[in-house]
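The values are calculated or read from the model by the stated rules, or taken from the named source; none is laboratory data. All values reported here derive from a predicted model rather than from experimental measurement. We place every Cβ from the backbone using ideal geometry, glycine too, and count neighbours over all the protein chains shown.
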Amino acid sequence: MEEKLKQLHQEASEKVKQSTELKELNEVRVAYLGKKGPITEVLKGMGKLSAEERPKMGALANEVRDSIASAIESKQQALEAAAIEKKLEQETIDVTLPGLPVKVGTHHPLTSVIEEIEDLFISMGYKIEEGPEVEKDYYNFEALNLPKGHPARDMQDSFYITEDILLRTHTSPVQARTMERHGGKGPVKIICPGKVYRRDNDDATHSHQFMQIEGLVVDENIRMSDLKGTLNLFAKKLFGEEREIRLRPSFFPFTEPSVEMDISCKICGGKGCSVCKGTGWIEILGAGMVHPNVLEMAGFDSEKYTGFAFGMGPERIAMLKYGIDDIRHYYTNDYRFLTQFGRAEFN
Ligand code: PHE
């Protein structure tokens, strides 16, 4: 019996050593230590032994069993550690591999144009002002010399919220508000970019919501030539030194005299083409000398102070600058459209 146990010990130890997988090791455990295994079998024969030998054999059997169990245990730990090692090796991340490209946003073309215009006027000493988009009728119309009943107030053009409150139809109310805040003292030198709203049906050149940039200068001795010089500089900086400007007489209730400014057509150089509709000129903005009534209503002495104002649509400016043919492109956010105007380093 002793021989048999020693032989089993030998055999089992050998098998444990040879096991290379956990599954295999488990089979060895079941085969040698299981209830139907050979050690149990040997122990069953204990009854035939003498009372002297029995405890000796019992102790030996236990010893053999414990030894096999602990060999299996340490082999199991070794195999598990090797498996983890292997997995780690297989799953190693190569940090030197190139990454997946991530799409990066760009400046919206309108933002770019507005910032360019802002930078230009800031360099000339203008401050940026903002005002509410939900505006009082008083600032949107009345304070700008558009009394109740004026044809330009036609309800069709405005989104009214109450009788006295509407979505502003232009950025000119910011002029009125800023002048009022100055309490009759110049100089005022501001530009006001912002959203405006009109009851228009959306098409290639109209949108019910769009942007405007308003400019206003009020001080002593401000003359029409100051306006012209400013607009000339603006046109050349934004569209190119070779561009000419022309001022045409026009009408706005809040300026007198009023003008519209055209720039010479870049496409045909003034000869006339489809972009300028054969005229050689393209309309860019409205402007004029601030109407004395507007100055007075905002608390300025119109005998002492004069001023000029201008208003333009950045959508139109960007359309001309970049050759965009439909205003709706700005608001539909097609990635392919937007990425054409981003800064080169972002693309
Ligand atoms: N507010 C005018 C418009 O919306 C533009 C303008 C501004 C004209 C300032 C003259 C002076 O059409």
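Annotation: of all residues in the stretch 233-286 being part of a loop (DSSP other than H, G, I, E, B) and within 16 Å of the ligand (Cβ to nearest atom), the one that is nearest to the chain's Cα centre (by Cα) is PHE254. Hey, any hits in the stretch 245-267 for a residue that's of a type in the set (Lys, Arg) and within 30 Å of SER158 (Cα to Cα)? Yes: one or more hits. When the stretch 287-306 is filtered for residues that are away from the ligand (no atom under 15 Å from the Cβ) and touching a residue at least 24 places away in the same chain (Cβ under 8 Å), the ones remaining, listed by number, are MET297, GLY299, PHE300, ASP301, LYS304, TYR305.
May I ask you to list the residues in the stretch 136-178 that are in contact with a Lys or Arg (Cβ under 7 Å, 6 or more places away or on another chain) and surrounded by 22 or more Cβ atoms within 10 Å (Cβ to Cβ)?
If the condition is that a residue be in contact with a Lys or Arg (Cβ under 7 Å, 6 or more places away or on another chain) and surrounded by 22 or more Cβ atoms within 10 Å (Cβ to Cβ), then ASN140, PHE141 are the ones that fit.
Of all residues in the stretch 247-261, those satisfying the criterion of being surrounded by 15 or more Cβ atoms within 10 Å (Cβ to Cβ) and out of contact with any Gly (no Cβ under 9 Å at 6 or more places or on another chain) are LEU247, PRO253. Within the stretch 207-232, restricting attention to residues that are within 16 Å of the ligand (Cβ to nearest atom) and part of a helix (DSSP H, G or I), which residue is farthest from LYS321 (Cα to Cα)? So the residue we want is MET224. Residues considered: LYS189, LYS236, LYS195, LYS228. Of these, the only one that is surrounded by fewer than 15 Cβ atoms within 10 Å (Cβ to Cβ) and basic (Lys, Arg) is LYS195. If you scan the stretch 140-177, which residues turn out to be assigned to a helix (DSSP H, G or I), within 20 Å of GLY313 (Cα to Cα) and either within 12 Å of the ligand (Cβ to nearest atom) or at pLDDT 95 or above (or both)? Across the stretch 140-177, the qualifying residues are ASN140, LEU144, ALA152, ASP157, SER172, PRO173, VAL174, GLN175, ALA176. In the stretch 186-206, the residue that is farthest from GLY288 (Cα to Cα) out of those that are among the aliphatic types (A, V, I, L, M) and within 13 Å of the ligand (Cβ to nearest atom) is VAL196. Being among the hydroxyl-bearing types (Ser, Thr, Tyr) and either part of a loop (DSSP other than H, G, I, E, B) or touching a His at 6+ places or on another chain (Cβ under 7 Å) (or both) holds for only one residue in SER74, SER50, SER70, and it is SER50. In the stretch 56-80, the residues that are closer than 18 Å to LEU25 by Cβ reach residues that are outside any helix (DSSP H, G or I) with C-beta atoms within less than 8 angstrom, at least six apart or across chains, in these pairs: LYS75/SER19; LEU79/SER19; LEU79/THR20; LEU79/GLU21. Looking across ALA51, ALA69, ALA31, one residue alone is surrounded by fewer than 17 Cβ atoms within 10 Å (Cβ to Cβ), farther than 17 Å from GLU3 by Cα and in contact with a helix residue (DSSP H, G or I) (Cβ under 7 Å, 6 or more places away or on another chain). It is ALA69.
Against the test of being modelled with pLDDT under 85 and surrounded by 12 or more Cβ atoms within 10 Å (Cβ to Cβ), the options THR106, THR111 yield a single qualifying residue, THR106. Of everything listed in (1) away from the ligand (no atom under 16 Å from the Cβ); (2) in contact with a Leu (Cβ under 8 Å, 6 or more places away or on another chain), the single unmet condition for GLY183 is (2).
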